[in-house]
Amino acid sequence: MKTNTNTQLLVYTDVQNLRVTYAFKHICTTILGLEIAFTSVIEEFIAFQGMKLSYGKKRLGKQLFIQQGGLLWEHGISPIDVFVFPWEETKCFYKSSEESDLPFDIFSASFYLLSRYEEYTPHVKDSVGRFPVEESLAYKHKFLRQPVIDIWANKFKKLLQQKYPSKKFPESQFENINILTIHEAYKYKKKGIVRNVGAGFRDIVKLQFYQVLERLQVISFIKDDPYDIYKEFVRFSKKEKIAWNYMFQLSDYSIYNKNISYHKISYRTLIKSLGDYGVLGLLPGYEALGNLAVLKKEKQRWEHIVNRPLQRLLIVNYGLNLPNYYNNCEKLELAQDYSMFYPEHIGFRAGTSFPFFFYDISMESISPLRIFPMLFSSMSFENLTFFEVKKTLMNIKEEMKKNGGNFGLVFANKDFEQAENRQKYLSLIHALNQ
């Protein structure tokens, strides 16, 4: 076997399957930047002169050893009683015996979180069809706000460095990912006389007289539309040198989508103009989440407007519907999804801040779709004060810089409609992007 012993980790394991490959590659390659190879031939493993690790039930000589916990050698979904225990400043599970060089099977635990194993097991969905954060292992055991897989990986790296002090490891990069979602481009304008009159009557019935006045001021060109924050937002971002992904919804009008029509020239112009200052993506509508034909239609609309292949998608308000939604993305050859987070809660839904490929447990297959986990969405303000959000995110950021990864933030244009919130949120964005 020809290998570069300076950059490669050789793993001895009795079982080589997709689960093993998937978990090891995320830890060793995506996070630590190592090449990885597997062997089931003991003689080849012993003769190898570089970094090496045995992964199985028993240790091989004096080589590094991680005792496998069983999950990577299984198929399908089985009821699992997961025991979580503290380890230094974090938590872990799939406990190993004292013979193992780590107190737990880092690879089985990582696979459990990355594959979203718990979301395939029976659970009660919330009112909009989402997997409830309260059902997650991370929430129950209070490690949701830690990218535990990234922390584990860097502890594993230190173990390798102690055993192989002459080996050089690439430094993990820390990067901000900022997303602005536009479900409704405008609150009042561009929506036509019929919609504005009907909505105005509803406001009167509900005694929302401020909105009646505001609507009249906007459609009379006395006041700017509250959601039309784009010029100011672009100026701010250019001045602060903050890069953005802009995600637009192009669904048909329904009870779930109150946006203006994608046919409108003004809407298309807005999309193209923001494309000059950032990267564009799609917000699939509610009907597109479980329907391949609808998702394909919205993809085609986006590509017709932008004149390039669609690469990025994001779901904020609705459930992911695993594995169907991701499988539909794969069928349409979509490359990147940014929906892996809990909208109302700060944290790491899949236990990592690094992008990873979707693993479909029901089919035991690895998808080419890359999932970029996000940390925060502005919907978290429903549960936390502004001060709590800022303090939490700043603390997480300082910890993440030690291990690298993506610091993902999701805001919406409507977050900035009130002047007092606008400056507050822009100051938060500035602080988090320094």
Odd one out for Asn176, checked against (1) open to solvent by 30 Å² or more (accessible area, probe 1.4 Å); (2) part of a helix (DSSP H, G or I); (3) of a type outside the set (A, V, I, L, M); (4) modelled with pLDDT of 95 or more: (2)
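Condition check ((1) over 29 Å from Lys163 (Cα atoms); (2) surrounded by 13 or more Cβ atoms within 10 Å (Cβ to Cβ); (3) within 29 Å of the chain's Cα centre (by Cα)) across all residues:
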residue	(1), (2), (3)
Glu44	no, yes, no
Met51	no, yes, no
Gly56	no, yes, no
Trp73	no, yes, yes
Ser78	yes, no, yes
Glu89	no, no, yes
Phe107	no, yes, yes
Tyr117	yes, yes, yes
What number goes with the only condition from (1) among the hydrophobic types (A, V, I, L, M, F, W, C); (2) within 19 Å of Glu364 (Cα to Cα); (3) modelled with pLDDT of 90 or more that Ile80 does not pass? (3)
Has region 289-297 got any residue that is at pLDDT below 95, closer than 28 Å to Pro323 by Cα and either touching a His at 6+ places or on another chain (Cβ under 8 Å) or not hydrophobic (A, V, I, L, M, F, W, C) (or both)? yes
When the residues of region 44-81 are narrowed to those that are among the charged types (D, E, K, R) and out of contact with any Asp or Glu (no Cβ under 7 Å at 6 or more places or on another chain), which ends up nearest to Ser108 (Cα to Cα)? Glu74
Need the failing condition index for Tyr256 against (1) at pLDDT below 90; (2) of a type in the set (Ser, Thr, Tyr); (3) in contact with a Leu (Cβ under 6 Å, 6 or more places away or on another chain), just the number. (3)
Kindly list, by first and then second residue, each pair from a residue in region 100-115 that is under 14 Å from Phe65 (Cα atoms) to a residue that is in a strand (DSSP E or B) and of a type in the set (S, T, N, Q), limited to pairs with Cβ atoms under 8 Å and residues at least 6 apart or on different chains. Ser100/Gln67; Asp105/Gln67
In region 347-379, anything within 16 Å of Leu334 (Cβ to Cβ) and within 10 Å of the chain's Cα centre (by Cα) is listed as Pro355, Phe356, Arg370, Ile371, Phe372
Any residue in region 35-59 that is in contact (Cβ under 8 Å) with a residue 40 or more places away in the chain and assigned to a helix (DSSP H, G or I) sitting within a Cβ distance under 7 Å of a residue that is of a type outside the set (S, T, N, Q) and open to solvent by 70 Å² or more (accessible area, probe 1.4 Å)? List the pairs, counting only those 6 or more apart or interchain. Glu44/Met1
Among the residues of region 250-263, is there at least one that is touching a helix residue (DSSP H, G or I) at 6+ places or on another chain (Cβ under 7 Å), open to solvent by 30 Å² or more (accessible area, probe 1.4 Å) and outside any loop (DSSP other than H, G, I, E, B)? no
List every residue pair whose Cβ atoms lie under 8 Å apart, where the two residues are 6 or more positions apart in sequence or sit on different chains, the first residue falls within region 419-434 and is in contact (Cβ under 8 Å) with a residue 24 or more places away in the chain, and the second residue, located anywhere, is open to solvent by 70 Å² or more (accessible area, probe 1.4 Å). Leu428/Lys390; Ala431/Lys390
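Residue by residue through region 18-75, note down the ones that are closer than 21 Å to Pro373 by Cα and among the hydrophobic types (A, V, I, L, M, F, W, C). Even if it seems obvious, please write down each step before you answer.
Taking region 18-75 first, the residues closer than 21 Å to Pro373 by Cα are 19, 21-33.
Across region 18-75, the qualifying residues are Ala23, Phe24, Ile27, Cys28, Ile31, Leu32.
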For region 58-67, how many residues meet the condition of being buried (at least 21 other Cβ atoms within 10 Å of the Cβ) and modelled with pLDDT under 90? 0
With respect to Val82, determine if the residue is part of a loop (DSSP other than H, G, I, E, B) and in contact with a helix residue (DSSP H, G or I) (Cβ under 8 Å, 6 or more places away or on another chain). yes
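The values are calculated or read from the model by the stated rules, or taken from the named source; none is laboratory data. All values derive from a computational prediction rather than experimental measurement. Using ideal geometry, Cβ is built from the backbone for each residue, glycine included, and neighbour counts are taken over all protein chains shown. Heads up: the accessible areas ignore ligands, DNA and RNA and are worked out on the full protein's heavy atoms, side chains in. Shrake-Rupley method; radii C 1.70, N 1.55, O 1.52, S 1.80 Å.
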